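Participant: Pasting a structure below so you can have a look.
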Amino acid sequence: MSSWTDSLRFAFQPVVNLTTGTVAALEILARPECGDILAEARRDPELDSALAAAAVRCAAQRETLLPLHVNAFAGTVADLGGLAAMRQAVRAAGRLPWEVTVDLTPPFTHVPQRSLLEGVAALREAGFRISADGLGDGDAPLRLLAELAPDLLKLDASLLAHTAMVRAMRTLCEESGALLAIEGVETEAQCEAAREAGAQLAQGDLFAAPSRLPAADVYVPPPRPALALPLPSGPPVRQFLRPAALLPVNARAGEVRALLTGAPEVSGVVLVDEYGRPVRSVRRDRFLLSLSGRYGHALYADRPAVRLGDVPRTVGLDATAWEALDVVAGGEQSRTADDVAVVDGRGRCVGLVRLTDLVRALAESRVEEAAGLNPLTRLPGSDYVTQEVGRRIAEGRTFALCWLDIDHFKQVNDGAGFAAGDDLIRSVALGLQQARTPTMRVGHIGGDDFLVLADPGDLERLAAAVLDTPWAAGGRPVTLSLATVLCAPGSVLDHHQAASCLAPLKKAAKALRGSSWVLGRAGLPGYELLRGCAANSASSSAGYVTRA
């Protein structure tokens with residue numbers, strides 16, 4: 001054995017969680033410095049088993065606590081059953097079996113399937129997890145794959161070019177409760193494709209190349225912004241405001257300790273300057289842990305408490321719950337449970353909000369929003385838009401309220417069928433989402449009617465997206481009508497009045513031929529015809545002026 005162990009080294013490659021951007025596990029790869037010991041191990045189950053055991057021992061020497069992926073040829077598992085040498089190495093290293101995933105690697109073709117299934121069953125009985133490795137670049141039969149029912153499927157990145165295959169594997173994973181991983185990811189485009197395919201895990205040189213030392217930090221590209229409506233503003237943080245325990249910035253650690261021990265309900269103390277502005281945040285658990293250690297009280301009790309505090313996380317009194325949650329998510333992971341200090345316009349601390357309160361309230365609001373989504377387009381209803389109309393009226397902002405619908409939609413359904421009509425509505429909804437800006441709101445009123453709230457400067461972008469696109473249903477061309485009312489500050493009192501001003505413009509737009517757009521101003525007569533043609537000469541001079 002010494003001949004191959006002396007020339008063999010192991011490398012660690014992270015298996016990355018694409019959602020959290022963290023390392024989920026480490027795959028241990030054999031790296032012989034001379035010879036082709038892997039080719040020998042493919043033919044020699046005893047040698048392959050020894051390699052798996054050596055990989056576990058190497059991980060133990062590196063003192064990594066991450067879960068491990070250990071490679072074993074399918075033929076080895078079929079021949080040796082439960083891989084006794086590896087199991088012994090796992091016990092000796094003090095690791096639990098369910099912390100180790102056995103990556104079954106090809107070839108599979110000439111492996112006795114019954115023996116392989118029995119060997120996998122023995123590993124599962126012992127608590128090990130099973131991964132089917134090298135799919136797409138190997139020879140694993142689909143029938144065998146179904147019978148193995150692995151906990152993890154590893155697809156080669158080359159399969160990302162064949163989306164139908166990846167979707168099929170994703171469906172298999174969903175039905176069997178397995179996870180999907182993409183290996184060999186080298187570019188950001190492949191990483192994004194893996195996300196879009198529904199893969200939860202990935203590995204490859206893009207994140208981190210195999211290394212002698214286990215990597216704790218990896219590079220994971222941020223996900224591409226989704227084509228979805230922006231998150232609602234959410235409830236204001238003032239709804240969740242709790243009193244803050246305040247002490248002057250020059251307070252001693254003993255004073256902080258006395259406050260915390262005398263008030264168990266207080267989760268932390270905010271140290272403020274002479275003007276009441278937060279300088280440091282002292283978290284209860286971290287502070288008391290520092291003082292509870294050996295000599296901790298003697299070392300810290302009479303020293304400034306500011307030395308045991310952190311830079312406070314703050315939000316303004318007018319911030320929303322989502323903004324407060326962003327502050328929490330954007331900081332260090334070790335501080336995700338910290339309270340957020342709420343400050344007024346002068347920067348003075350007026351209270352605290354707790355993460356648990358924010359998460360509970362936002363979860364409830366998301367449930368309410370989901371209940372109001374249109375099942376066809378997954379867009380919210382008119383309430384979503386009209387609430388924002390009321391907010392902009394209160395703020396004294398100029399806004400544009402738009403109504404959009406599909407011309408002669410009943411004829412579309414009658415001629416092309418309701419399925420084609422539904423597809424058309426979904427396509428229009430997608431076009432609206434692609435045209436949206438951060439300040440735009442889109443609602444699906446029902447049927448083929450949409451409501452859009454936009455800034456005046458975004459109207460051309462919106463019109464181009466929905467009116468310049470050649471729409472069709474069942475091979476038949478379709479046109480759209482767009483009506484817009486501009487509402488200056490003071491021109492309307494509420495969303496009811498804005499909708500009332502929009503109603504005649506809708507009627508005017510529907511009377512035009514082709515894709516049409518008319519624009520009016522609240523409180524003023526007439527409108528501008530920006531797109532479309534009048535149906536007859538009599539109506540062409542009634543009620544509108546064309547833009548110069």
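The values are calculated or read from the model by the stated rules, or taken from the named source; none is laboratory data. Owing to the predicted nature of the structure, the values given are computational and were not obtained by experimental measurement. As a convention, Cβ positions derive from the backbone with ideal geometry for all residues, glycine included, and neighbour counts pool all protein chains shown.
Participant: Determine the pairs where a residue that is in the same structural domain as residue 269 (by TED's automatic domain parsing), located within the range 341-361, has a partner that is of a type in the set (D, E, K, R) and part of a strand (DSSP E or B) with Cβ atoms under 6 Å apart, the partner being 6 or more residues away or on another chain.
Facilitator: The qualifying pairs are 351/242; 352/242.
Participant: Among the numbered criteria (1) over 16 Å from residue 8 (Cα atoms); (2) touching a Ser or Thr at 6+ places or on another chain (Cβ under 8 Å); (3) buried (at least 20 other Cβ atoms within 10 Å of the Cβ), which one does residue 77 miss?
Facilitator: With (1) over 16 Å from residue 8 (Cα atoms); (2) touching a Ser or Thr at 6+ places or on another chain (Cβ under 8 Å); (3) buried (at least 20 other Cβ atoms within 10 Å of the Cβ) applied to residue 77, the lone miss is (2).
Participant: Considering each residue of the range 156-167, count those that are within 17 Å of residue 139 (Cα to Cα) and either in a helix (DSSP H, G or I) or under 22 Å from the mean Cα position of the chain (by Cα) (or both), and give that number.
Facilitator: Residues in the range 156-167 being within 17 Å of residue 139 (Cα to Cα) and either in a helix (DSSP H, G or I) or under 22 Å from the mean Cα position of the chain (by Cα) (or both): 5 in total.
Participant: Sticking with this one: Given 514, 520, which one is buried (at least 21 other Cβ atoms within 10 Å of the Cβ), more than 39 Å from the chain's Cα centre (by Cα) and not hydrophobic (A, V, I, L, M, F, W, C)?
Facilitator: 520
Yes or no, residue by residue, for (1) in contact with a Leu (Cβ under 7 Å, 6 or more places away or on another chain); (2) under 28 Å from residue 55 (Cα atoms):
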{"site": "153", "(1), (2)": "yes, yes"}
{"site": "171", "(1), (2)": "no, no"}
{"site": "174", "(1), (2)": "no, no"}
{"site": "180", "(1), (2)": "yes, yes"}
{"site": "186", "(1), (2)": "yes, yes"}
{"site": "189", "(1), (2)": "no, no"}
{"site": "193", "(1), (2)": "yes, no"}
{"site": "202", "(1), (2)": "yes, yes"}
{"site": "214", "(1), (2)": "yes, yes"}
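Participant: Could you tell me which numbered condition residue 276 fails, if it satisfies all but one of (1) farther than 30 Å from residue 380 by Cβ; (2) at pLDDT 85 or above; (3) under 35 Å from the mean Cα position of the chain (by Cα)?
Facilitator: (3)
Participant: Could you say which residue among 15, 102 is closer than 20 Å to residue 121 by Cα, surrounded by 21 or more Cβ atoms within 10 Å (Cβ to Cβ) and of a type in the set (Val, Ile, Thr)?
Facilitator: 102
Here is a yes/no grid of residues against (1) in contact with a Ser or Thr (Cβ under 7 Å, 6 or more places away or on another chain); (2) surrounded by fewer than 20 Cβ atoms within 10 Å (Cβ to Cβ); (3) assigned by TED's automatic domain parsing to the domain that holds residue 17:
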site	(1), (2), (3)
170	no, yes, yes
176	no, yes, yes
194	no, no, yes
198	no, yes, yes
209	no, yes, no
218	no, yes, no
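Participant: Going through the range 485-502 one residue at a time, which ones are touching a Gly at 6+ places or on another chain (Cβ under 7 Å) and either in a loop (DSSP other than H, G, I, E, B) or not assigned by TED's automatic domain parsing to the domain that holds residue 521 (or both)?
Facilitator: 489, 491, 494
Participant: Here is a follow-up. Kindly indicate which of 392, 366, 397 is within 23 Å of the chain's Cα centre (by Cα) and either at pLDDT below 80 or under 30 Å from residue 516 (Cα atoms) (or both).
Facilitator: The unique qualifying residue is 366.
Participant: Looking only at residues in the range 117-131 that are touching a Phe, Trp or Tyr at 6+ places or on another chain (Cβ under 8 Å) and either modelled with pLDDT of 95 or more or surrounded by 17 or more Cβ atoms within 10 Å (Cβ to Cβ) (or both), which one is farthest from residue 97 (Cα to Cα)?
Facilitator: Checked the range 117-131; the qualifying residue farthest from residue 97 (Cα to Cα) is 129.
Participant: Moving on. Does the range 496-513 hold any residues that are of a type outside the set (A, V, I, L, M, F, W, C) and at pLDDT 90 or above, and which are they?
Facilitator: Within the range 496-513, 496, 497, 500, 504, 506, 507, 510 meet the criteria.
Participant: On to the next question. When both residues are 6+ apart or on different chains and their Cβ atoms are under 8 Å apart, which pairs have a first residue that lies in the range 179-198 and is modelled with pLDDT under 95, and a second that is part of a strand (DSSP E or B) and of a type in the set (Gly, Ala, Ser)?
Facilitator: Hits for this filter: 181/131; 181/202; 182/202; 183/202; 185/202; 191/202; 194/202.
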